[in-house]
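The values are calculated or read from the model by the stated rules, or taken from the named source; none is laboratory data. Since this is a predicted model, take the numbers as computed values, not measurements. So basically every Cβ, Gly included, is an ideal-geometry build from the backbone, and we count neighbours across all protein chains shown. Ligands, DNA and RNA are excluded from the accessible area calculation, which covers all protein heavy atoms including side chains. Shrake-Rupley method; radii C 1.70, N 1.55, O 1.52, S 1.80 Å.
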Amino acid sequence: MTKGVFITGTGTDVGKTYVTALVVKKLRKAGYNTGYYKAALSGAEEKDGKLIPGDAELVCRIAGIDKDPAECVSYIYKNAYSPHLAALLEGNPVEMDIVTEDFKRAASEYSYITVEGSGGIVCPIRYDKKIMLEDIVKTLGLPSIIVADAGLGTLNSIVLTVEYMRARGMKINGIILNNFHPGSLLDENNAKMAEELTGIKIIAKIEPGANDIDADAALLASAYEYPEVIS
Ligand SMILES: Nc1ncnc2c1ncn2[C@@H]1O[C@H](COP(=O)(O)OP(=O)(O)O)[C@@H](O)[C@H]1O
Ligand SMILES: [Mg+2]
């Protein structure tokens, strides 16, 4: 059976895709058969009349997944808005049944499946049906990893994200600090304080421009668990 993890972030553009690509690359290199799935992608570029799933393309290329990136994403929107607003403009709103089916299909091809979220943890996915991102996390029954920037202001964003997720019953199996500058007083102290204030382990620190993760593959793999949706 496949294990999975949900990659969320303290906000949009914090580096969820960049970090996910490196996590999947690291695990695959260490022999873990790891794949990628994303329910809804916004802000896609258009090429020859087709929307390009940029996040999936990047992860597949960096991590060496030989698969059509379009198969890794259920919904692709052109407008760089939250999926609920993009779908109001473009149609094709998210159906939870499709997400569940596509996730199960993606998961069935791997031993480890890495699911990237959209935006931060508070993200409306489809508001006529009141679907929020957390409903996807809960429906799939996945634990999460939080990606956060390493710099100034991150403690506020990390603690707010952790407290929100805990209050709503979401399990957090680790934090990854992105754009971490080793030796920087601020970044090093943020790493220490984030662990103190949340009780959650920083499982990796990613430097600017990094091609690799300086973390134990087994530790990263231990953040994955069996999804509740697959039984
Ligand atoms: N560690 C890093 N080093 C260099 N560039 C980064 C790093 N992390 C993120 N970026 C860049 O920052 C931008 C936003 O990152 P991205 O992974 O797309 O964020 P998210 O998926 O959270 O929206 C992208 O252009 C990405 O290439
Ligand atoms: Mg992304």
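Using Cα positions and a limit of under 27 Å, work out the lysines in reach of K26, with same-chain residues fewer than 8 apart set aside.
Partners found: K3, K16, K38, K67, K104, K138, K171, K192, K201, K205.
Net charge near K16, counting Lys/Arg +1 and Asp/Glu -1 over other residues with Cβ under 13 Å of its Cβ?
Neighbour charge sum, excluding K16 itself: -3.
Highest mean first, how do 87-94, 108-115 rank when packing is the count of other Cβ atoms within 10 Å averaged over residues? Provide the component values of the computation, followed by the final result.
On the way: 87-94: 15.9, 108-115: 20.9.
Going by the mean number of other Cβ atoms within 10 Å, highest first, we get 108-115, 87-94.
Once you list every other residue whose beta carbon is under 9 Å from the beta carbon of N179, what net charge do they have if Lys and Arg are +1 and Asp and Glu are -1? Don't jump to the answer; show the numbers that get you there.
On the way: positive: none; negative: D149, D187, E207.
Spelling it out: positives minus negatives among the neighbours equals -3.
With a 1.4 Å probe and every protein chain kept in, tell me what percent of the accessible surface of the chain is carbon plus sulfur. Working shown, then result.
Numbers: 5160 of 10490 Å².
In the chain, the share of accessible area belonging to carbon and sulfur is 49 percent.
Taking the mean number of other Cβ atoms within 10 Å as a proxy for protection, how do you rank 200-206, 212-218 from highest to lowest? Write down the numbers at each step before the final one.
Details: 200-206: 19.9, 212-218: 14.7.
Highest mean packing first, the order is 200-206, 212-218.
Rolling a 1.4 Å sphere over the protein heavy atoms, what is the accessible area per residue of region 3-221, to the nearest Å²? Mind dumping the intermediate values first?
Values: 9720 Å² over 219 residues.
I get 44 Å² per residue for this part.
Quick check: with the 1.4 Å probe, what order do R28, R166, R126 take by accessible area, largest first? Please report the intermediate quantities before stating the final value.
Numbers: R28 70, R166 110, R126 25 Å².
If we order R28, R166, R126 from most to least accessible, we get R166, R28, R126.
Based on the Kirkwood radius over alpha-carbon pairs, what is the Stokes-Einstein translational diffusion coefficient of region 3-221 at 25 °C with 0.890 mPa s viscosity, in µm²/s? Intermediate results must be reported in sequence, preceding the final value.
Working: Rh = 17.4 Å.
Roughly 141 µm²/s, to the nearest whole number.
Taking the alpha-carbon distance from K50 and a cut-off under 19 Å, which aspartates and glutamates remain once sequence neighbours fewer than 8 residues away in the same chain are dropped?
In chain and number order, the partners are D68, E71, E90.
For the chain, set up a GNM with springs between Cα atoms under 10 Å and report which of T17, T161, T198 has the largest fluctuation.
T198
Amide H neighbours of I172 under 5 Å, counting only residues 5+ apart in sequence or on other chains, H built in-plane at 1.01 Å?
Sorted by chain and number, the residues that satisfy this are S144.
Just order 47-53, 58-64 by mean Cβ neighbour count inside 10 Å, highest at the front, would you?
Numbers: 47-53: 12.3, 58-64: 17.6.
So the order, starting with the most tightly packed, is 58-64, 47-53.
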